[in-house]
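The values are calculated or read from the model by the stated rules, or taken from the named source; none is laboratory data. Computed from a predicted model, the values in this text were never measured in an experiment. Note that each Cβ is placed from the backbone with ideal geometry, even for glycine, and that neighbours are counted across all protein chains shown.
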Amino acid sequence: MAKVNMAEIKLYPDAIADNRRWANFEPRADDIYVCTPAKCGTTWTQTIIANLIFGGEDLPQPVMQLCPWVEAVFNPEESMFENLSKQTHRRAIKSHCAADGIPWFDDAKYIFVGRDARDVFMSMSNHLERMKHIEDMNALAASEDRPEMPKYDGDIHAFYDQWMNNSSHFFDIAASYWERRSQDNLLFVHYADLKQDLAGGVKRIARFLDIELTEPQYQTVTERSSFEYMRNHPEMVGDLEVMFEGGLKGFIFKGTNGRWRDVLSEEEVGVYKSRAQQWLPNDAIKWLENGGNIHD
């Protein structure tokens, strides 16, 4: 298996993530990459994949250890890669980076998870409101000449302006994967579709990953991948008390779509539409807003 060629990777360091860490990653032929902008259903998709890999049986480690975020600067690099190297089962790895910022291998599988940008914004405001140690991470980022993390002080409209003015962190990532949508080893999954039909989404992901289970196993995987089960079994997902107020229940908050309709003004929605059209073609915008299977 080829090593990661960092000369082919565009660098995207920020306050919480640094994709230069891929330099020490040792890939395997059947690796699975979960690729999303933040707050699009990353942990949810990681949980589905982990449960599929183990056929609905108890997981040997929490999802966030089994399927680590390689780029996260708060995740000790040496122990993370050591853990990945010891995994004898099929592996899954998470990224929040644009498609040109991660390694691509023909014999690996990639899953991009999308969501309406306005729902992402609502989820991000809760995320930053509950996130701990932001000041410390920003101080470290500033000392290493990396961009700082945005702050949320409770003024959701001011934060919306800030988020949209730096909207490349969502739209650029989405656009980079949309350009690759014809690749056979890339699957597009939408948050709203998983909400509407989790069982169908589980089976669709399994088919893409060439994982075959019995019907009872699919039912168990679906149950263990539900929001309710995840929130009631934080030990399956991972310890988030260190990073988030309320732990996993604060991290996986409402999980609903459409809350922006009661928050954003008509003018603010217009800003979203302008930004989306700046970055994405109309078919990509339509998919992000509505979901559906682009591969049919």
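Numbers below:
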{"read-out": "Odd one out for Gly114 among (1) in contact with a Leu (Cβ under 8 Å, 6 or more places away or on another chain); (2) modelled with pLDDT under 95", "value": "(2)"}
{"read-out": "Top-ranked residue of region 266-280 - restricted to ones that are touching a residue at least 40 places away in the same chain (Cβ under 8 Å) and over 22 Å from the mean Cα position of the chain (by Cα), ranked as nearest to Ile205 (Cα to Cα)", "value": "Gln278"}
{"read-out": "Region 186-197, residues that are closer than 11 Å to Phe112 by Cα and outside any helix (DSSP H, G or I)", "value": "Leu186, Leu187, Phe188, Val189, His190"}
{"read-out": "Asn126 surrounded by fewer than 23 Cβ atoms within 10 Å (Cβ to Cβ), polar (S, T, N, Q) and on the phi < 0 side of the Ramachandran plot", "value": "yes"}
{"read-out": "Residue within region 238-253 that is surrounded by fewer than 15 Cβ atoms within 10 Å (Cβ to Cβ), modelled with pLDDT of 90 or more and not in a helix (DSSP H, G or I) present", "value": "no"}
{"read-out": "Matching option when the condition is over 18 Å from the mean Cα position of the chain (by Cα), part of a helix (DSSP H, G or I), at pLDDT 80 or above and among the small types (Gly, Ala, Ser), among Gly154, Gly200", "value": "Gly200"}
{"read-out": "Residues (out of contact with any helix residue (DSSP H, G or I) (no Cβ under 6 Å at 6 or more places or on another chain) and outside any loop (DSSP other than H, G, I, E, B)) located in region 33-47", "value": "Tyr33, Cys35, Thr42, Thr43, Trp44, Thr45"}
{"read-out": "Members of region 1-32 that are in contact with a helix residue (DSSP H, G or I) (Cβ under 8 Å, 6 or more places away or on another chain) and of a type in the set (Lys, Arg)", "value": "Lys10, Arg20, Arg21"}
{"read-out": "Checking Asn51 against (1) part of a helix (DSSP H, G or I); (2) touching a strand residue (DSSP E or B) at 6+ places or on another chain (Cβ under 9 Å); (3) crowded, with 24+ Cβ neighbours inside 10 Å, the condition it does not meet", "value": "(2)"}
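This table checks each residue for (1) modelled with pLDDT of 85 or more; (2) over 17 Å from Arg115 (Cα atoms); (3) not in a helix (DSSP H, G or I).
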| position | (1), (2), (3) |
| --- | --- |
| Leu213 | yes, yes, yes |
| Pro216 | yes, yes, no |
| Tyr229 | yes, yes, no |
| Arg261 | yes, no, no |
| Val271 | yes, yes, no |
